[in-house]
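Peer 1: Structure provided below as structure tokens; questions to follow.
The values are calculated or read from the model by the stated rules, or taken from the named source; none is laboratory data. Note that this is a predicted model, so its numbers are computed, not measured. Every residue, glycine among them, receives a Cβ derived from its backbone with ideal geometry; neighbour counts consider all protein chains shown.
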Amino acid sequence: MYESILGLHSYWAFAVLILLLLAALNAFLGNSSKRAFLKKDRQIALIALIFAHVQLVLGLVLLFVSPKMEAAKQLGMGGLMKNSELRLFVVEHPLTNLIAITFITIGWSKHKRATADSAKFKNIMYMYAIGLLLLLSRIPWGQWLG
């Protein structure tokens, strides 16, 4: 089960990163061209939001079935924090990604309340970009691509 969820989590991450980049770029282009916020703009942002939330759920399931979590329990908090690999997988990666998804969700929520098209674009552009940067900062690149 662990290997299946890990594979799905890894491949789904590519889609999440591409969709978040697409949504942020679309919002940037929409804002810079001062065009109206259209249904397609909303759909792009919504699809990125949904994919990011699915990724979060996959990641949380993966965290609790991971052998790394069992190793972390054996070490205790002091030992975990001294082990950089385990700390990345059990603390830094999940916490940073949770914060990233929070930013993305706030961007979505704020865009819904905004009345001006430029405000809608800006909320998505900034918050999705911050979320994307946070996600990129804590990806375990060596294991993910290796």
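Peer 1: Out of (1) surrounded by 14 or more Cβ atoms within 10 Å (Cβ to Cβ); (2) in contact with a helix residue (DSSP H, G or I) (Cβ under 9 Å, 6 or more places away or on another chain); (3) in contact (Cβ under 8 Å) with a residue 12 or more places away in the chain, the odd one out for Pro67 is which?
Peer 2: Of the numbered conditions (1) surrounded by 14 or more Cβ atoms within 10 Å (Cβ to Cβ); (2) in contact with a helix residue (DSSP H, G or I) (Cβ under 9 Å, 6 or more places away or on another chain); (3) in contact (Cβ under 8 Å) with a residue 12 or more places away in the chain, the odd one out for Pro67 is (1).
Peer 1: Got at least one residue in region 110-117 being crowded, with 16+ Cβ neighbours inside 10 Å and within 18 Å of Leu20 (Cα to Cα)?
Peer 2: Among the residues of region 110-117, at least one is crowded, with 16+ Cβ neighbours inside 10 Å and within 18 Å of Leu20 (Cα to Cα), which makes the answer yes.
Peer 1: Determine whether Leu86 is without any contact (Cβ under 8 Å) to a residue 60 or more places away in the chain and either in a loop (DSSP other than H, G, I, E, B) or touching a Leu at 6+ places or on another chain (Cβ under 6 Å) (or both).
Peer 2: On the way: without any contact (Cβ under 8 Å) to a residue 60 or more places away in the chain: yes; either in a loop (DSSP other than H, G, I, E, B) or touching a Leu at 6+ places or on another chain (Cβ under 6 Å) (or both): yes.
So Leu86 fits the description; yes.
Peer 1: Any idea which of Phe64, Phe28 is assigned to a helix (DSSP H, G or I) and over 14 Å from Met127 (Cβ atoms)?
Peer 2: Result: Phe64 is the single residue among Phe64, Phe28 that is assigned to a helix (DSSP H, G or I) and over 14 Å from Met127 (Cβ atoms).
Rundown of residues vs (1) in a helix (DSSP H, G or I); (2) of a type in the set (Lys, Arg); (3) closer than 18 Å to Phe28 by Cβ; (4) modelled with pLDDT of 95 or more, yes/no style:
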residue: Asp41; (1), (2), (3), (4): yes, no, yes, yes
residue: Leu46; (1), (2), (3), (4): yes, no, yes, yes
residue: Glu70; (1), (2), (3), (4): yes, no, no, no
residue: Gln74; (1), (2), (3), (4): yes, no, no, no
residue: Asn97; (1), (2), (3), (4): yes, no, no, yes
residue: Ile101; (1), (2), (3), (4): yes, no, no, yes
residue: Ser118; (1), (2), (3), (4): yes, no, yes, yes
residue: Ile130; (1), (2), (3), (4): yes, no, yes, yes
residue: Leu133; (1), (2), (3), (4): yes, no, yes, yes
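Peer 1: For region 19-40, indicate whether the set of residues that are within 24 Å of Pro140 (Cβ to Cβ) and among the charged types (D, E, K, R) is non-empty.
Peer 2: no
Peer 1: Another question about this same structure. I need the full set of residues from region 86-109 which are aliphatic (A, V, I, L, M), under 18 Å from His53 (Cα atoms) and buried (at least 17 other Cβ atoms within 10 Å of the Cβ), in order please.
Peer 2: Ala100, Ile101, Ile104
Peer 1: For region 1-45, what are the residues that are touching a residue at least 24 places away in the same chain (Cβ under 8 Å), of a type in the set (A, V, I, L, M) and loosely packed, with under 15 Cβ neighbours inside 10 Å?
Peer 2: Residues satisfying the conditions are Met1, Ala36.
Peer 1: Follow-up question, since we're still on this one. Based on this model, can you work out whether Phe121 counts as within 15 Å of the chain's Cα centre (by Cα), surrounded by 15 or more Cβ atoms within 10 Å (Cβ to Cβ), closer than 21 Å to Leu17 by Cα and not aliphatic (A, V, I, L, M)?
Peer 2: no
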